[in-house]
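S.K.: Below are the structure tokens for one structure; questions will follow.
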Amino acid sequence: DAAEARRLGAEGVGLCRTEHLLLGEHLPLIRRFFFAEDSEEESAALDDLGEAQRVDLTGVLMAMAPLPVTVRLLDAPLHEFLGDDVPVEWREFNPMLGTRGVRLAVIREGLYRMQVRALMGAIADAEAKGVRPHVRVMVPLIATSAEMALVGGWVRDEIAKSAAGTLPVGMMIETPRAALLAGD
């Protein structure tokens, strides 16, 4: 899609929604992560997911460089990944207000860390091919300063561990919830 957008005159990707990279052929990988029964199984699932994300993101960056790409970490409602056979403890009355975005990251810390490692690997892969990508990271659905500090810290930690350098990290404020908590 990025290559086609570029061909049609796109001047960058304002929002690369990574959840779309985890649906379709990669859906079994993310389901394996969510349904992992122990930390070893979860870690193996994250490794496989990370490799798939790295390959997909490398493609996006290669197609768009040197134009800007903002990569938003996973934000889809959980039901889009779990389907109809979701266990009772994961069912939600209103998935759009449920476990998604930063709320999911807080519950499953490894997910956003994996995505950032995959992105940093994709940048390194593109640079190894002589392409200089212009990338930003966005953390979705932030409503509190505690979420911003916690998850933003994880993202910045993973960026700092990579050899690919630094990236700007932005926070997508979840307007209704943030408005309700603005006084705090």
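Laboratory data are not the source of any read-out in this text; all were calculated from the coordinates shown. Just so it is clear, the model here is predicted, and its values are computed rather than measured. Neighbour counts run over all protein chains shown; Cβ positions are idealised from the backbone, glycine included.
S.K.: By how many degrees, between 0 and 90 and to the nearest 10, does the Cα long axis of helix 39-64 differ from the longest principal axis of the chain?
M.R.: 40
S.K.: Give me the percent relative contact order of the chain, please, defined on Cα pairs under 8 angstrom at least 6 residues apart. Let's see the in-between values first.
M.R.: Numbers: 259 pairs, mean separation 43.1, N = 184.
Reported as a whole number, the value is 23 percent.
S.K.: Could you tell me which of rounded, prolate or oblate describes region 1-83, using a ≥ b ≥ c as the square roots of the eigenvalues of the alpha-carbon gyration tensor, with rounded for a/c under 1.5 and, failing that, prolate when a/b is larger than b/c and oblate otherwise?
M.R.: Here region 1-83 falls in the prolate category.
S.K.: Once every DSSP H run of n ≥ 4 in the chain is given -39500 (n - 2.57) and the sum is divided by its residues, what mean residue ellipticity at 222 nm do you get, rounded to the nearest 500 deg cm²/dmol? Could the numbers behind the result be given before it?
M.R.: On the way: 8 runs with 94 residues, N = 184.
My calculation for the chain gives -16000 deg cm²/dmol from helical runs alone.
S.K.: Calculate, axis by axis, the spread of Cα positions in region 23-69 along the three principal axes, and write the results as whole Å, longest axis first.
M.R.: 41, 19, 13
S.K.: Here is a follow-up. Show me, for region 121-135, the HN-Hα J-couplings you get by feeding each phi into the Karplus relation (A = 6.51, B = -1.76, C = 1.60, θ = phi - 60°), rounded to Hz, glycine and proline as x.
M.R.: Coupling constants for region 121-135: x, 5, 4, 4, 5, 5, 5, 5, 9, x, 9, 10, x, 10, 10 Hz.
S.K.: Pulled fully out, how much extra length does the chain show between GLU11 and MET148, if you take 0.36 nm times their separation in residues and subtract their Cα-Cα distance?
M.R.: Extra length from GLU11 to MET148 when fully extended: 46.4 nm.
S.K.: Next question. Please list log₁₀ I(q)/I(0) at q = 0.12, 0.17 Å⁻¹ for the chain, using the Debye equation with identical point scatterers on the alpha-carbon positions.
M.R.: The computed values of log10 I(q)/I(0) come out as -0.58, -1.14.
S.K.: So, one more: Using a Förster distance of 41 Å, how high is the FRET efficiency between LEU23 and ASP184, based on the Cβ-Cβ distance and rounded to 0.05?
M.R.: Once the sixth-power term is evaluated, E becomes 0.70.
S.K.: Dividing the alpha-carbon radius of gyration of region 129-184 by 2.2 N^0.38 Å (N being the number of residues), what value is obtained?
M.R.: Ratio of Rg to 2.2 N^0.38 Å for region 129-184: 1.39.
S.K.: Using 7 Å Cα-to-Cβ label points, what is the ARG32/ALA160 separation (nm, one decimal)?
M.R.: Inter-label distance under the simple model: 3.2 nm.
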